[in-house]
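Inspection log for the structure reproduced underneath, given as structure tokens.
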Amino acid sequence: MLSFYYLCFMREENTPVHNYVYSNALVEFVRAANECCFFLEELKGTEGKAFIANSVRHLADLYALFLKIGETEPVFDSPPEPTVTEQEWSALFQKIAGILGPSNDTLRVAAEDEFDRSELVSHTISEDMADLYQELRDFTVIYSRGLEELMNDAAWELKARFFEHWGTKLLRALSALHLLYVNDVDPSMEE
């Protein structure tokens, strides 16, 4: 008799789910997402200029590689459970805010559905980066479990959320960090 595990999670090679989760494009994106998460987890002692340059590189890689991953459909009815806690998000937010100092604050155009309808709204790079980290780490933790249907659904969920919010957050952070990078801003030298 086949076990529940085998029925739910084992698939033969060359099925659509197997081919998707092990496609070169998705595997490359997973590698880049893991590298970005590791970079953000290891920020202790990171200088502002190094953080800016490395963030620009990671965010640009992520966006370019994400555009290459294909389409899939979810296998299960409910999305995978998140893994990043509120405390982990907050700790990362604080680390990035500390590294960037006054350079963390940016202005952006208010979205249509925001309460504050003023033309420009104050925002922080650290919020976008912490939100991005949460999406990527939730995805990579589930992907690393090696259960193809869960890997597939995590990728589908990540793609849906990209269009909902994290793609915009990535580009907003990249744009703000790009300005700091090209202007050779050193946050450690700012008051």
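We did not get these values from a lab; they are worked out from the coordinates using the rules stated. Just so we're clear, the structure is a prediction, and the values are computed from it rather than from any experiment. Cβ: placed from backbone, ideal geometry, glycine included. Neighbour counts: every protein chain shown.
Which entries in the list LYS95/LYS169; LYS44/LYS169; LYS44/LYS68 go over 26 Å, if you measure between the two C-alpha atoms of each?
Working: LYS95/LYS169 18 Å; LYS44/LYS169 23 Å; LYS44/LYS68 32 Å.
From LYS95/LYS169; LYS44/LYS169; LYS44/LYS68, over 26 Å: LYS44/LYS68.
Please sort 181-187, 149-155 by packing, taking for each peptide the average over its residues of neighbouring beta carbons within 10 angstrom, highest first.
Working: 181-187: 13.4, 149-155: 22.4.
Most protected by this proxy first, the peptides run 149-155, 181-187.
Please compute the length gained on full extension between GLU42 and GLU119, using 0.36 nm multiplied by the number of residues separating them and subtracting their Cα-Cα distance.
Values: separation 77, 0.36 × 77 = 27.72 nm, distance 3.61 nm.
Between GLU42 and GLU119, full extension yields 24.1 nm more.
If each residue of separation counts as 0.36 nm, what is the full-extension length gain between SER188 and HIS165 once their alpha-carbon separation is subtracted?
Details: separation 23, 0.36 × 23 = 8.28 nm, distance 3.03 nm.
Extra length from SER188 to HIS165 when fully extended: 5.3 nm.
Which distance in nm do the two modelled labels at ARG57 and TYR22 give, with both placed 7 Å along the Cα-to-Cβ direction?
For ARG57 paired with TYR22, the spin-label model returns 3.1 nm.
So if we plug the beta-carbon distance of HIS178 and VAL75 into 1/(1 + (r/R0)^6) with R0 = 41 Å, what FRET efficiency do we get, rounded to 0.05? Kindly include the intermediate steps, with their values, before the conclusion.
Numbers: r = 38 Å, r/R0 = 0.92.
Result of the calculation: an efficiency of 0.60.
Once label points are set 7 Å from the Cα along Cα→Cβ at both SER90 and ALA64, what is their separation, rounded to one decimal in nm?
Distance between the two pseudo-spin positions: 3.8 nm.
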